[in-house]
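Enquirer: Before we start, here is the structure in question, set down as structure tokens.
The values are calculated or read from the model by the stated rules, or taken from the named source; none is laboratory data. What you see is a predicted model; the values in this text were computed from it and never measured. So basically every Cβ, Gly included, is an ideal-geometry build from the backbone, and we count neighbours across all protein chains shown.
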Protein chains: 2
Amino acid sequence: MRLRNVKNAKEKLESCNLFIANPVDYKEKWSSVFQNDHEIHLEIGMGKGDFLIAMAKAYPNINFIGMEKYESVLVRAIEKISLENIPNLRFMCFDAKNLQDVFYKEISKIYLNFSDPWPKTRHAKRRLTHANFLAIYDNLFQNEKVIVQKTDNIDLFAFSLEQLSLYGYIFKRVSLDLSSLAIPNFKTEYEQKFENLGYKINYVEAYKKI
Amino acid sequence: MRLRNVKNAKEKLESCNLFIANPVDYKEKWSSVFQNDHEIHLEIGMGKGDFLIAMAKAYPNINFIGMEKYESVLVRAIEKISLENIPNLRFMCFDAKNLQDVFYKEISKIYLNFSDPWPKTRHAKRRLTHANFLAIYDNLFQNEKVIVQKTDNIDLFAFSLEQLSLYGYIFKRVSLDLSSLAIPNFKTEYEQKFENLGYKINYVEAYKKI
């Protein structure tokens, strides 16, 4: 995602009551944040938040946490919902490689939507479905491990299928044209733009018993 | 594949010394056909044979068997090689649903190239990667099970990934654009035509321990 500097991003984020400034403080205590024991779904790389905000509204009995590495991107999501009350939604600014410091056996599902494909082979370890990341995710999951990925990038998708499969994940649902699947689908900003251009979206639901 | 009637197809097939008229006679005896104990690779739905003929020439220490349901298609392959001597190649006219009558623990690898996608849901059981077929293949394999699929059909490919994964196969190599993979690839007639039109070929190498 192209980044634009946003003035006072930090202040803007901290003024939003859905923003968690110090997520590591809540490790093993996330149910206290939401004040219920509903399951928690995590989106890594939430971008401007369209997907997660729509999901949180559609599924009030699931708690959603969106993570984004860049403050200047996250602040766009915050601005969108500044006037809304969505009790089952939280945001954090954090790097996925340190996720084990934030959650322990608390997550039911991870969403990876249009993650950075890192096309160069020497950057493969940065892809969010690299085995090293799958190992980090292992300790986040409460019960069955569930990773749902959407991407327009065919190389990232093929890489993900290989890595997930080798890591023991089973694919219950795969599509190379998400628009043809009869399932509810909340689109990211990026996805909408891509579909309008006639590109196909790849989709996988991967499961692994704990 | 569109079928044209070929006059005297049966006679033409039987006049070729690489054609096996009664494959069930060789169950558990295929090494005697080739007079060696090299591994045997099977292509189900070999069409006009371009892939298998090229493979057999490239890998003389592997035995290749091509199977095709329709005599009128198989006869085209036979005509191509009528003047050539390819000792590690055989053909048969047979239906995949009865494969257990032909092989038992003798096959090292199965190729499924551009199989009929059977797009209607009610025909899903006819797709060559349906779990029912995977169960038939189970008894054909000698050691590790290896299925290699190429297809331009994205729905068949997604279906195959689901079925193979649920059946315990692991994906060592996946591509949604085979032309970008740096591996030897012998093209089928159909594949060449499709690539010329700018379509991408999907590819998977699936493995399962016996």
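Enquirer: Would it be correct to say that B:L156 is in contact (Cβ under 8 Å) with a residue 24 or more places away in the chain, in contact with a Pro (Cβ under 9 Å, 6 or more places away or on another chain) and either within 16 Å of B:H41 (Cα to Cα) or not polar (S, T, N, Q) (or both)? Let's see the steps before the verdict.
Expert: On the way: in contact (Cβ under 8 Å) with a residue 24 or more places away in the chain: yes; in contact with a Pro (Cβ under 9 Å, 6 or more places away or on another chain): yes; either within 16 Å of B:H41 (Cα to Cα) or not polar (S, T, N, Q) (or both): yes.
It is true that B:L156 is in contact (Cβ under 8 Å) with a residue 24 or more places away in the chain, in contact with a Pro (Cβ under 9 Å, 6 or more places away or on another chain) and either within 16 Å of B:H41 (Cα to Cα) or not polar (S, T, N, Q) (or both).
Enquirer: Let me ask something else. Quick check on segment A:6-17. Is at least one of its residues within 25 Å of A:T129 (Cα to Cα) and surrounded by fewer than 18 Cβ atoms within 10 Å (Cβ to Cβ)? It would help to see each step written out before you state the result.
Expert: Of segment A:6-17, the ones within 25 Å of A:T129 (Cα to Cα) are none.
So far as segment A:6-17 goes, no, none of its residues is within 25 Å of A:T129 (Cα to Cα) and surrounded by fewer than 18 Cβ atoms within 10 Å (Cβ to Cβ).
Enquirer: Quick one: which of B:A56, B:A9 is out of contact with any helix residue (DSSP H, G or I) (no Cβ under 7 Å at 6 or more places or on another chain) and of a type in the set (G, A, S)? Reasoning before the result, please.
Expert: Numbers: B:A9 fails: out of contact with any helix residue (DSSP H, G or I) (no Cβ under 7 Å at 6 or more places or on another chain).
Of the residues listed, the single one that is out of contact with any helix residue (DSSP H, G or I) (no Cβ under 7 Å at 6 or more places or on another chain) and of a type in the set (G, A, S) is B:A56.
Enquirer: Being touching a residue at least 12 places away in the same chain (Cβ under 8 Å) and part of a helix (DSSP H, G or I) is the filter; apply it to segment B:170-191 and report the residue that is nearest to B:K57 (Cα to Cα).
Expert: Per the criteria, the residue is B:E189.
Enquirer: Do we have A:N98 as within 23 Å of A:Q142 (Cα to Cα) and more than 13 Å from the chain's Cα centre (by Cα) here? Don't jump to the end; show me each part of the working.
Expert: Details: within 23 Å of A:Q142 (Cα to Cα): yes; more than 13 Å from the chain's Cα centre (by Cα): yes.
Taking the combined requirement at face value, the residue satisfies it.
Enquirer: May I ask you to verify whether B:D116 is surrounded by fewer than 20 Cβ atoms within 10 Å (Cβ to Cβ), closer than 23 Å to A:S179 by Cα and within 14 Å of chain A (Cβ to nearest Cβ)?
Expert: No.
Enquirer: Grab the strands (runs of 3 or more DSSP E) fully contained in segment A:1-109, keeping just those with 1 or more residues being over 23 Å from A:K208 (Cβ atoms).
Expert: A:63-68, A:89-93
Enquirer: In segment B:125-162, what residues are in contact with a helix residue (DSSP H, G or I) (Cβ under 6 Å, 6 or more places away or on another chain), under 17 Å from A:A158 (Cβ atoms) and among the aliphatic types (A, V, I, L, M)?
Expert: none
Enquirer: Let me ask you something else. Which one of the conditions (1) small (G, A, S); (2) outside any helix (DSSP H, G or I); (3) under 17 Å from the mean Cα position of the chain (by Cα) does B:A135 fail to meet, given that it meets all the rest?
Expert: (2)
Enquirer: Here are the criteria: (1) of a type in the set (G, A, S); (2) within 11 Å of chain B (Cβ to nearest Cβ); (3) at positive phi. Tell me which single one A:G198 does not satisfy.
Expert: Unmet for A:G198, out of (1) of a type in the set (G, A, S); (2) within 11 Å of chain B (Cβ to nearest Cβ); (3) at positive phi: (2).
Yes/no matrix, rows are residues, columns are (1) closer than 22 Å to A:S160 by Cβ; (2) of a type outside the set (A, V, I, L, M); (3) surrounded by 21 or more Cβ atoms within 10 Å (Cβ to Cβ):
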site	(1), (2), (3)
A:M67	yes, no, yes
A:S72	no, yes, no
A:R76	no, yes, no
A:K80	no, yes, no
A:D101	no, yes, no
A:E106	no, yes, yes
A:Y111	yes, yes, yes
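Enquirer: A further question on this structure: Among the numbered criteria (1) within 11 Å of chain B (Cβ to nearest Cβ); (2) modelled with pLDDT of 95 or more; (3) more than 25 Å from A:I40 (Cα to Cα), which one does A:R122 miss?
Expert: Looking at each condition in turn, A:R122 falls short on (1).
Enquirer: Is it the case that some residue within segment B:93-111 is under 23 Å from B:K7 (Cβ atoms) and in contact (Cβ under 8 Å) with a residue 60 or more places away in the chain?
Expert: yes
Enquirer: Among the residues of segment B:39-55, is there at least one that is out of contact with any His (no Cβ under 7 Å at 6 or more places or on another chain), exposed (fewer than 13 other Cβ atoms within 10 Å of the Cβ) and either at pLDDT 90 or above or not aromatic (F, W, Y) (or both)? Let's see the steps before the verdict.
Expert: Step one: filter segment B:39-55 for residues out of contact with any His (no Cβ under 7 Å at 6 or more places or on another chain), giving B:39-55.
Subset that is exposed (fewer than 13 other Cβ atoms within 10 Å of the Cβ): none.
Scanning segment B:39-55, I find no residue that is out of contact with any His (no Cβ under 7 Å at 6 or more places or on another chain), exposed (fewer than 13 other Cβ atoms within 10 Å of the Cβ) and either at pLDDT 90 or above or not aromatic (F, W, Y) (or both), so the answer is no.
Enquirer: For B:R90, are the conditions met, namely being crowded, with 21+ Cβ neighbours inside 10 Å, of a type in the set (D, E, K, R) and farther than 18 Å from B:L156 by Cβ? It would help to see each step written out before you state the result.
Expert: Details: crowded, with 21+ Cβ neighbours inside 10 Å: yes; of a type in the set (D, E, K, R): yes; farther than 18 Å from B:L156 by Cβ: yes.
For B:R90, the condition - crowded, with 21+ Cβ neighbours inside 10 Å, of a type in the set (D, E, K, R) and farther than 18 Å from B:L156 by Cβ - is met.
Enquirer: Among the residues of segment B:138-155, which ones are within 10 Å of another protein chain (Cβ to nearest Cβ) and assigned to a helix (DSSP H, G or I)? Break it down stepwise before answering.
Expert: Step one: filter segment B:138-155 for residues within 10 Å of another protein chain (Cβ to nearest Cβ), giving B:153-155.
B:I154, B:D155, listed by residue number.
Enquirer: A further question on this structure: Sort out which residues of segment A:163-193 are surrounded by 16 or more Cβ atoms within 10 Å (Cβ to Cβ), within 14 Å of chain B (Cβ to nearest Cβ) and out of contact with any helix residue (DSSP H, G or I) (no Cβ under 6 Å at 6 or more places or on another chain), and write them in order of number.
Expert: The answer is A:L164, A:S165, A:Y169, A:L178.
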